Structures are given as C-alpha cells and as structure tokens.
Amino acid sequence: MSVSKSSLLPKTLRQHYLSLPQGKKCQVTYVWIDGSGEGLRNKTRTLEEEPKGVADIPEWNFDGSSTDQAEGSNSDMFLIPVCMFRDPFTLDPNKLVMCEVLKYNRKPAETNHRHKCNQVMERVKDEHPWFGMEQEYTLLGINGHPYGWPENGFPGPQGPYYCGVGSNCAYGRDIVECHYKACLYAGVKICGTNAEVMPSQWEFQVGPSEGIDMGDHLWMARFLLHRVCEDFGVVASLDPKPMKGNWNGAGCHTNVSTEAMRGEGGLQHIENAIEKLSKRHKEHIFVYDPHGGKDNWRRLTGRHETSSIEEFSAGVANRGSSIRIPRQVGQDKCGYFEDRRPAANCDPYAVTGAIARTCFLDQTENDEEA
Ligand code: ADP
Ligand code: MN
Ligand code: MN
Ligand code: MN
C-alpha cells in the first residue's frame, strides 16, 4: 500500500458537511514552525466574525512540550499571528494564519528565525530587497519510498523526467496542480512550477517577494503542500538528498535582487554582493539547512547540478557553481543573482536573513543588532 488509509475515506461525504452554512463565524487555523525547525503544526479556533487583517486575529498559545519547544513544567508558548491567508480547504471566510512562536518570557523560540530576519529586513528596507525561492520536493508513498517507483527497484535513469509529460515521466501531477490552485486561492505568491530531474521530484517557485514576505509565503506554501498531500495520501519530503546514488537532490535556490541591481548598471551591484558572499561561505552553509550543513553535505557534492560544499564559486549560467548569474542577467547587465546552496529543508527566514545581513548590512550572524 503506498497511499494512506485516511485518503481512502469516502471524500464525497465530506462535501456535504463542508457546504453547511456557518453564520457569521469564522474558522482561523494558526500555523507555526515546531521545535525541529522543519515541521509545521496547526490548530483551529472560531472567531465571532471574519478578521479583516492579521491585526484582527488574537494571540493564542499551545503546549510547547508536545512540539519539542519547551519543558513540561513551563510549556505554554505564545502564537503571534503575522501573515493572513484565505483557507483553500474550508473556503471563505475562513483563514490560515502564519505565526511566530514566543517562549513563556516572550523571547523568540529557538526555531523562530523570523524574529531576527524581520529586524534585518527592517534595516535594509530602503534597498527594496526582492527574493524568489525555488522549492524542490519529493513525493513519497506512505511506505517512505518515492511515489510511483517500483516497490523493489528503480525507474529508468534520469533524463526524460525534467519538465516531462506522460504516465512514464510525470509521477503524481495531481498534487502539483492542486497545490498550485490552493496557493493562488490562499493568496500565496506562487509564480510557477515544474517537474524535476528525478522522477516524483517537483518544484514550485514563490516570488518575487519583498523582505519578510518571502519567508511568510514560502512557509505557508509548504503548509499547503503537506495538507494537499494529506488529502491524496502521500507525503512531501523536503530531504535534500532523498535517494543516494545517481539521483538529483532537492534544493531551494534563492534568487535575490535590490532596486539598484534591477536598474541600469545593476550588474556591478550584483558582483559586489557576490564578492561579500564569497567571504562568508562557511557561515552561509551553516544556516542553509536546519542541521548546520549536515543535511546539505549529502547534496552539495559537486555533481548533479550542484557545487561542492567546500568551496565558493560563481558564474554566469553555471549550474555547478554556488552562485549563478542567469544568462539573461549577464546580457542585460542588470537583474538578480541565484544562490544555489540552500537545501530544500532550509528555513527561508534564516536564508534570506543571512543574505540580507551579508550583502546589505556587512554584518555576521553574531554581530550585535544595533
Ligand atoms: P531557474 O532557471 O533557476 O530554474 P525559476 O524560473 O525556477 O529559475 O525561478 C526563478 C525565481 O526567481 C522565481 O522564484 C522568481 O520569483 C525569482 N525572481 C525573478 N525575478 C527576480 C528578481 N528580480 N529578484 C529576485 N527574484 C526574482
Ligand atoms: Mn527552477
Ligand atoms: Mn530545480
Ligand atoms: Mn534555480
């Protein structure tokens, strides 16, 4: 069996209940990052009426001892709503809200990287930094094996799958199409999708998004992905190298620009930023996956369209380098650059925060915030 039992419940019955009127009341689902720094949790409450914006959604709390975020003796954690979306599952007027997590003393939880990221983004806001992230992921059956792969073996070698079409090339497209629509309905700034090089591996892109919006939207896009996969009974894995051997890993390429880079003569600004990144390679590798580079170590081998984790490199149209300047950008002499190092399971708040700090603030992670 490769799909979950829950996905086999009679789904047409569900429609009857979902279409029952709910009066003026509004369901709001709070979404937050758990103690692993990768997992998402959520819970729902009723508000008396539809919130017009995130400011109308009250703070809430949860039991941090059950999410690896607190000791049992002092386990209440605060949920601070930060970004509101429409709920594509229960539909209008219901909402999903991305939250920051604070500890009992109202200091940010260990895996709350948004707090620092937001401080950096505030300080660089005059540069109008835009980010676009390419989220790669792998569909797994409930048995943990890539979805659609033979139970005891492998599909044909990589080649026909990237942007492929047809039953022998595209594994699980339903998920991709439903997730795309769910993001558009929710208000997540999704800008595209494609099938990846390894069968049952896919990508969607979010952006360009300014400042802190990048992290908010990508995390909500991930929540929607896991939730859509739940309906279909499969699992979306963000492991950066789900299959050993001659199979591509999964990254989260991060595209970056400022107003100056986007305008005439922008290439010089791009090159300046790359020069700064070249001096902080190790530091960036440390924040580009949730385990300080250990996850990415399996992926950044210098093969399968990656650079080596050991060395920094940059080049125009070079998919084997840490930083790639897209060919079009090289021709136009302005635009954006792509940091290809972040792993699929990176925290976008940590990644965009580190890039903004290095390129636009000349600071390291440990420098005191002004
Ligand atoms: P690739 O050729 O690397 O596969 P994709 O088309 O998958 O590129 O993704 C391109 C990403 O770049 C998207 O997330 C998009 O939002 C982002 N992007 C486009 N223009 C800019 C820009 N000026 N600044 C930052 N990001 C940008
Ligand atoms: Mn891409
Ligand atoms: Mn890709
Ligand atoms: Mn890319």
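Where a number appears in this text, it was derived from the coordinates with a stated rule and is not lab data. Worth saying up front: this structure is predicted, and the values here are computed from it rather than measured. Counting neighbours? That spans all protein chains shown, and the Cβs are built from the backbone with ideal geometry, glycine included.
Cross-link check: pairs 24/52; 95/116; 116/276; 25/52; 241/294 evaluated at a Cα-Cα cut-off of 18 Å; pairs beyond the cut-off: 95/116; 116/276. Qualifying GluC sites (Glu not before Pro) in the stretch 241-289, where qualification requires a DSSP coil assignment and no more than 15 other C-beta atoms within 10 Å, comprise 264.
Given an 8 Å cut-off on Cα distances and at least 6 residues of separation, report the relative contact order of the chain as a percent. Rounded, it is 16 percent for the chain. Springs join every pair of Cα atoms under 10 Å in this Gaussian network model of the chain, and among 267, 47, 277 the largest mean-square fluctuation is at 47.
FRET efficiency for residue 50 and residue 17, Cβ-Cβ distance as r, R0 = 30 Å, nearest 0.05? Efficiency, from the Cβ-Cβ distance: 0.90.
Spin-label model, residue 298 to residue 311: label points 7 Å out along the Cα-to-beta-carbon direction sit 2.6 nm apart.
Loop-located trypsin sites (Lys or Arg not before Pro) in the stretch 296-368 (DSSP state not H, G, I, E or B) with no more than 15 neighbouring Cβ atoms inside 10 Å: 303, 319, 333. Placing a pseudo-label 7 Å from each Cα along the Cα-to-Cβ vector at residue 61 and residue 142 gives an inter-label distance of 3.6 nm. Positive-end ranking of 197, 364, 73 along the dipole of the chain, with charges on Cβ about the Cα centre, is headed by 197. Hydrophobic long helices, here whole DSSP H runs in the chain with Kyte-Doolittle means of at least -0.5 and Cα atoms spread over 15 Å or more along the helix axis, are found at 173-186, 213-232, 266-278. With R₀ set to 30 Å, the beta-carbon distance separating residue 318 from residue 363 gives a calculated FRET efficiency near 0.60. Summing charges over all other residues whose Cβ lies under 14 Å from the Cβ of residue 316, with Lys and Arg as +1 and Asp and Glu as -1, gives +2.
Summed over qualifying helices (DSSP H, 4 residues or more, each -39500 (n - 2.57)) and divided by its residue number, the chain shows a 222 nm mean residue ellipticity of -7500 deg cm²/dmol. Residues considered: 138, 12, 358. Largest GNM mean-square fluctuation over the chain, using C-alpha springs under 10 Å, is found at 12. Contact order for the stretch 263-370, expressed relative to its length and based on alpha carbon pairs under 8 Å spaced 6+ residues apart, stands at 29 percent. Excluding residues on the same chain fewer than 8 positions from residue 11, give the aspartates and glutamates whose Cα lies under 19 Å from its Cα. Answer for residue 11, where 19 Å is the Cα cut-off: 87, 174, 177, 230, 231, listed by chain and number.
Using C-alpha pairs under 8 Å with a sequence gap of at least 6, the mean separation divided by the residue count of the stretch 1-99 gives a relative contact order of 26 percent.
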